[in-house]
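*Asks:* Pasting in a structure now, in structure tokens, and then I'll have a few things to ask.
The values are calculated or read from the model by the stated rules, or taken from the named source; none is laboratory data. Remember, predicted model here, so these are calculated numbers, not experimental data. So basically every Cβ, Gly included, is an ideal-geometry build from the backbone, and we count neighbours across all protein chains shown. Calculation scope for accessible area: heavy atoms of the full protein, side chains included, ligands and nucleic acids excluded. Shrake-Rupley method; radii C 1.70, N 1.55, O 1.52, S 1.80 Å.
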Amino acid sequence: MPTTATRAPLVAIAGNPNTGKTTLFNALTGKQAKVANYPGITVDRTEGPGRLPSGAPVRLLDVPGSYSLSARSEEERISLAAIAGLGPLERPEVVVVVLDATQLSRNLYMAMQVMELGLPVVLALTMVDTLADKQHKIDVEAMSAALGVPCVEVTASKKAGLDDLMAAVEGALEHEAGPPVPWVLPVELAERVAPIELALPAAWDPAGPRAQALALWALLSLDEDDEHEAIEPGLRAEVERVRAAAEADGLNLEQEIIAWRYRFIDAAEPSFNAARETRVHERSDGLDKLLLHPLFGFAIFLACMTVVFQALFAWADPMIGWVEGAVGALATFTASVMPDGLVEDLLVDGLIGGVGAVVVFLPQILLLFLFIGIMEDTGYMSRVAFIMDRVMRSVGLHGRAFVPMLSSFACAVPAIMATRTMERRRDKLLTMMVVPLMTCSARLPVYTLLIAVLVPVGTGGPWTQGLLMAALYVFSTVLALIVAGVLSKTVIRGPKVPLILEMPPYRRPHWPSILRMLRQRATVFLRDAGSVILVAAIIIWALLEFPRTPNSERDFAGERQAIEAQLVADADGAADENGLTGTDGATNESGAAADQAGASAADSERLDMPMAALEEALVDLERDETAAQLENSYGGRIGRMLEPVIEPLGFDWKMGIGLVGAFAAREVFVGTMGVIYGIGEDADEGSPMLRDKLRNEQRPDGTKAYTPLVCLSLLVFFALACQCMSTVAMVGRETASWRWPTFLVVYTFALAWLASFVVYQGGQLLGFT
Amino acid sequence: MHPLADLQPDTPARLHSLDGDRSFQRRLMELGFLPGTAVRMIRRVPLGGLIELEVRCCRVTLRLSEARQVQVTTP
């Protein structure tokens with residue numbers, strides 16, 4: 001393990017949200033930042049290399065933005081932990097606090113908390129250009145003097161002030177600790193807080209001014225209904241005792257401490273910020289009159305969401321086509337250069353197929369995050385939460401959950417990634433648990449096939465098929481909202497959190513930052529979720545592929561030999577008769593054969609008939625063999641084993657195999673059914689052959705297998721069950737646990753089984769078939 | 001003294017006292033919503049049950065139900 005002496009110094013960059021903190025981080029680190037997770041929780045930890053003016057390297061850390069270091073959950077505590085170096089986290093040598101010049105006093109509040117920890121601090125003042133239009137200046141030298149730490153103006157988007165900032169960081173690195181802060185806790189408060197300092201865990205290294213800062217943090221973070229999981233009971237008890245003692249004396253400690261900091265700000269700020277009023281919101285006000293208008297605002301919001309929806313559905317489609325085309329070409333090429341055999345199959349169908357299953361998600365992920373990036377950067381995302389708060393709150397969801405919910409109509413995988421835009425773990429979890437219920441595009445091939453089997457074109461009303469499809473959309477959406485409501489009151493219960501939402505002024509999006517975010521999201525997806533999806537894809541492929549022995553009375557090898565022998569004999573005969581050297585002519589029903597002299601053409605036509613039929617027989621034989629192999633594969637056996645479980649839903653074991661295959665991805669159901677029914681794996685939902693096969697399929701007792709009721713039951717099952725290993729893998733990655741993906745699978749399958757049971761058994765009781 | 005939720009636009013007002021959950025009070029105070037601080041009502045969205053306020057140059061949205069837990073004084 002490298003010691004701190006051999007590693008470049010760590011410089012943390014902290015600040016309020018919407019201050020341009022990440023833009024600054026990006027400008028300082030170039031393109032080499034790496035995203036990882038903080039241990040145990042799913043908050044991104046972004047670190048990148050930077051250079052000091054002397055040429056010495058530093059490591060820059062992008063600390064998640066927050067208004068205060070106080071925290072009511074483990075996720076929020078990461079800001080303190082990363083800055084103060086608590087637990088396993090490395091303590092930074094210098095902290096750069098980014099301050100939005102247009103909202104300076106609120107930004108200074110957090111800067112004060114950081115400075116109280118006793119670390120060397122450099123202040124970076126952003127958004128100064130927004131002020132400059134108003135002949136409003138902040139005197140950075142006076143600010144440095146008033147606060148006792150270096151202060152630098154930066155405009156990260158124009159790369160201005162970056163050298164000065166790094167020079168200030170280099171200067172700060174020469175100090176072990178920051179200077180004593182010029183605001184001192186009143187004696188009466190300090191005495192009350194002192195017992196908490198003694199109760200701090202030794203692992204937090206509570207020494208010097210740091211002890212008081214951490215004690216103040218504890219007092220402002222621990223209470224009756226916080227969501228901290230890793231706080232020592234001794235500390236919690238001491239905080240509660242101190243707070244109760246103060247309350248008994250009529251003292252509100254929290255208010256006293258917060259007011260103490262703001263008193264300093266109010267006293268010091270006029271010396272460096274002459275005009276504390278800013279007009280930065282005025283430009284946004286006009287826009288907000290429109291965008292937050294009860295009627296027009298909602299209409300514009302719906303229009304924006306329609307664009308997002310359309311993009312994920314229609315625009316992503318050609319890109320998905322390219323990805324699939326490229327993967328297909330790679331597979332074809334690999335197959336052409338490799339000898340036939342097991343290794344080739346493993347490589348082509350298993351590995352390349354599995355990689356295809358991963359990268360196929362990239363277009364939709366990138367498009368969704370492009371829109372999210374634009375909405376976050378411009379400030380519109382806060383308005384989305386504003387507009388959707390009431391609707392989403394009624395079922396316990398966060399207003400921001402609307403974007404993931406909407407995008408899950410296209411695909412649940414990017415939607416689950418998008419739950420990151422919510423800060424609270426509970427909000428993220430609740431959204432992740434219901435997003436897989438929405439009708440994603442992978443269900444469409446299955447729906448199309450089953451609806452076509454259920455309502456053949458030309459039967460029913462002219463709108464029956466479309467109405468059924470629409471009904472499935474409504475059904476899934478309503479059910480997702482109901483489930484959200486139920487889960488938010490049971491499994492994912494949590495204290496009701498008041499909405500305190502900042503409305504940042506509208507700003508132009510910063511494209512380099514958005515592009516970099518897209519690249520990071522793609523990397524994180526490929527690295528973390530992609531590996532799990534790849535392994536799962538190969539496992540499911542292997543389940544359906546092995547053992548490769550058809551468990552059948554039929555002697556496929558013998559039959560094949562017989563047909564091939566006959567083919568060769570016939571071809572020889574034809575070649576002899578026509579004087580042809582090859583067997584190609586045998587399959588030519590027109591073209592070359594038609595050019596032959598009349599009598600000869602008639603001869604060859606007569607001879608072609610049985611040969612074409614023979615070749616067809618050979619293809620049929622191969623399909624039958626594949627079907628028999630599938631039946632006998634491990635997946636097929638699982639399908640058969642499932643029969644007693646799925647029989648009450650009206651499903652037979654063949655559908656069971658289809659359900660096993662569908663866990664790779666729902667649309668695989670169609671191809672699997674194609675193989676089982678001997679049509680070949682290239683069958684799609686539009687194949688008339690597959691539709692007819694399903695319509696005519698009979699059970700052993702001679703009744704139809706795909707009765708309308710069975711189709712309906714299957715549709716309901718597909719609507720509800722989370723048959724998607726990619727979604728499960730994504731939930732696993734985003735919750736950093738096995739518990740939640742397991743819960744998701746169990747509850748959706750239980751729900752699907754129950755709903756299908758009600759449909760099938762209830763339908764039968766009512767006399768439907 | 002009125003609840004913050006009843007504030008009219010362009011009525012100068014100062015925060016008087018906060019009520020409600022401890023974390024709600026703390027969050028608001030850390031954003032500068034301290035007793036004595038000037039507050040301005042920007043807009044109310046009755047349909048959404050929300051109210052937007054300005055304190056110390058910051059725009060913050062609250063639910064009306066929660067804004068009833070904050071008292072303001074108007075001259």
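*Asks:* Averaging sequence separations of C-alpha pairs under 8 Å and six or more residues apart, then dividing by the length of chain A, give the relative contact order as a whole percent. Kindly include the intermediate steps, with their values, before the conclusion.
*Replies:* Working: 1107 pairs, mean separation 75.8, N = 769.
Averaging sequence separation for qualifying contacts and normalising by length gives 10 percent for chain A.
*Asks:* Which of the chymotrypsin sites (Phe, Trp or Tyr not before Pro) found in region A:453-546 are loop residues per DSSP with 10 or fewer other Cβ atoms within 10 Å of their Cβ?
*Replies:* Working: sites: A:W463, A:Y473, A:F475, A:Y506, A:F525, A:W541; in loops: A:W463, A:Y506.
Sites meeting the loop and neighbour criteria: A:W463.
*Asks:* B:T73 versus A:T703, label points 7 Å from Cα toward the beta carbon: distance in nm?
*Replies:* For B:T73 paired with A:T703, the spin-label model returns 8.1 nm.
*Asks:* Expressed in whole Å with the largest first, what are the equivalent ellipsoid semi-axes of region A:651-769 derived from the C-alpha gyration tensor as the square root of 5 times each eigenvalue?
*Replies:* On the way: eigenvalues 156, 78, 18 Å².
They are 28, 20, 9 Å, listed from largest to smallest.
*Asks:* How large is log10 I(q)/I(0) at q = 0.19, 0.21, 0.23 Å⁻¹ when the Debye formula is applied to the Cα atoms of region A:218-351, each weighted equally and without solvent?
*Replies:* Log10 of I(q)/I(0), two decimals: -1.07, -1.15, -1.25.
*Asks:* On to the next question. Name the residues of region A:77-92 whose amide N is less than 15 Å from a point 7 angstrom out from the Cα of A:R7 along the C-beta direction?
*Replies:* Hits in region A:77-92 for A:R7 at 15 Å: A:82-92.
*Asks:* In whole Hz, what ³J(HN,Hα) sequence does region A:402-412 give by Karplus (6.51, -1.76, 1.60; θ = phi - 60°), x for Gly and Pro?
*Replies:* Running phi through 6.51 cos²θ - 1.76 cosθ + 1.60 with θ = phi - 60° gives 4, 5, x, 4, 5, 5, 6, 5, 8, 6, 6 Hz.
*Asks:* Okay, next question. List the residues of region A:365-413 for which accessible area in the full set of protein chains is at least 40 Å² lower than for the chain on its own; 1.4 Å probe, protein heavy atoms only.
*Replies:* Residues passing the criterion (a loss of at least 40 Å², heavy atoms only) are A:F386, A:R390, A:R393.
*Asks:* With a 1.4 Å probe on protein heavy atoms only, tell me which residues of region B:42-62 lose at least 30 Å² of accessible surface in the complex relative to the chain by itself.
*Replies:* B:R43, B:V45, B:L47, B:G48, B:L50, B:E52, B:R56, B:C57, B:C58, B:R59, B:T61
*Asks:* Please give the total accessible area that chains B and A bury against each other, computed with a 1.4 Å probe and expressed in Å² to the nearest 100. Walk me through the numbers on the way to the answer.
*Replies:* Working: alone 4750 and 34810 Å², together 36040 Å².
The buried area between B and A, both sides summed, comes to about 3500 Å².
*Asks:* Hey, another quick one. Taking all protein chains in place and a 1.4 Å probe, what share, in percent, of the accessible surface of region B:2-73 do carbon and sulfur account for? Don't jump to the answer; show the numbers that get you there.
*Replies:* Details: 1260 of 2550 Å².
The C+S portion of the solvent-accessible surface of region B:2-73 is 49 percent.
*Asks:* Using a 1.4 Å probe on the protein heavy atoms only, what accessible surface does A:E93 show? Give it in Å² to the nearest 10.
*Replies:* About 60 Å², ignoring ligands and nucleic acids.
*Asks:* Please compute the per residue accessible area over region B:2-73 with all protein chains in place, 1.4 Å probe, rounded to a whole number of Å². Could the numbers behind the result be given before it?
*Replies:* On the way: 2550 Å² over 72 residues.
Per-residue accessible area for region B:2-73 comes out at 35 Å².
*Asks:* Same structure, new question: Sketch the reach of a paramagnetic label on A:D285 as a point 7 Å from Cα along Cα-to-Cβ, and name the residues of region B:1-24 whose backbone nitrogen lies under 12 Å away.
*Replies:* B:9-11
*Asks:* Follow-up question, since we're still on this one. Express the relative contact order of region B:2-73 as a whole percentage, based on alpha carbon pairs under 8 Å and six or more residues apart in sequence.
*Replies:* Working: 131 pairs, mean separation 31.4, N = 72.
With pairs under 8 Å counted, the relative contact order is 44 percent.
*Asks:* Among the residues of region A:478-522, which ones have their accessible area go down by 50 Å² or more when all the protein chains sit together, as opposed to their chain alone (1.4 Å probe)?
*Replies:* A:P498, A:L499, A:I500
*Asks:* Express the relative contact order of region A:413-515 as a whole percentage, based on alpha carbon pairs under 8 Å and six or more residues apart in sequence.
*Replies:* On the way: 45 pairs, mean separation 34.0, N = 103.
Relative contact order for region A:413-515 comes out at 33 percent.
*Asks:* Given a Förster distance of 60 Å, report the FRET efficiency between A:S336 and A:E647 from their Cβ-Cβ distance, rounded to the nearest 0.05.
*Replies:* Values: r = 45 Å, r/R0 = 0.74.
After rounding, the FRET efficiency stands at 0.85.
*Asks:* State, to one decimal in nm, how far the label point of A:A750 lies from the label point of B:M1, with both points 7 Å from Cα in the Cβ direction.
*Replies:* The answer from the label model is 5.0 nm.
*Asks:* Then there is this: In whole percent, how big is the carbon plus sulfur part of the accessible area of chain A, probe 1.4 Å, protein atoms only? Don't skip to the answer; put the middle values down first.
*Replies:* Values: 20400 of 33170 Å².
After summing per-atom areas, the C and S share lands at 62 percent.
*Asks:* Contour minus end-to-end for A:L251 and A:E622, with contour as 0.36 nm per residue of separation and end-to-end as the Cα-Cα distance?
*Replies:* Result: 125.1 nm gained on full extension.
*Asks:* For labels at A:H293 and A:T306 in the simple 7 Å Cα→Cβ model, what's the distance in nm?
*Replies:* Here the answer is 1.6 nm between the modelled labels.
*Asks:* What helices in chain A pass both tests, a Cα length along the helix axis of 30 Å or more and a mean Kyte hydropathy of 1.6 or higher, using whole DSSP H runs?
*Replies:* Working: long enough: A:316-337 (32 Å, 0.99); A:464-489 (37 Å, 1.67); A:556-578 (32 Å, -0.39); A:598-632 (50 Å, -0.40); A:739-765 (38 Å, 0.94).
Helix filter hits for chain A: A:464-489.
*Asks:* Something else: Gap in Å between the Cα centre of region A:664-687 and the Cα centre of region A:138-167?
*Replies:* One Cα centre to the other: 63 Å.
*Asks:* Pop the C-beta distance of B:R40 and A:A274 into the FRET formula with R0 = 25 Å and round what comes out to the nearest 0.05. Present the calculation step by step, with values, prior to reporting the outcome.
*Replies:* On the way: r = 21 Å, r/R0 = 0.83.
Step by step, r from the Cβ atoms, then E = 0.75.
*Asks:* Per residue, how much accessible surface does chain A expose to a 1.4 Å probe? Answer in Å², no decimals. Before the final figure, lay out each step's value.
*Replies:* Values: 33170 Å² over 769 residues.
Per residue, chain A has 43 Å² of solvent-accessible surface.
*Asks:* Tell me, what is a quarter of the convex hull surface for the C-alpha atoms of the protein assembly as shown, in nm² with one decimal? If you can, show how the numbers build up before the last one.
*Replies:* Numbers: hull surface 181.1 nm².
Hull-based average projected area comes out at 45.3 nm².
*Asks:* Moving on. Please state, rounded to one decimal and in Å, the Kirkwood hydrodynamic radius that region B:2-73 gives when every pair of distinct Cα atoms enters the mean of 1/r. List each step's numbers first, then the result.
*Replies:* Details: mean 1/r = 0.0849 Å⁻¹.
Evaluated on region B:2-73, it is 11.8 Å.
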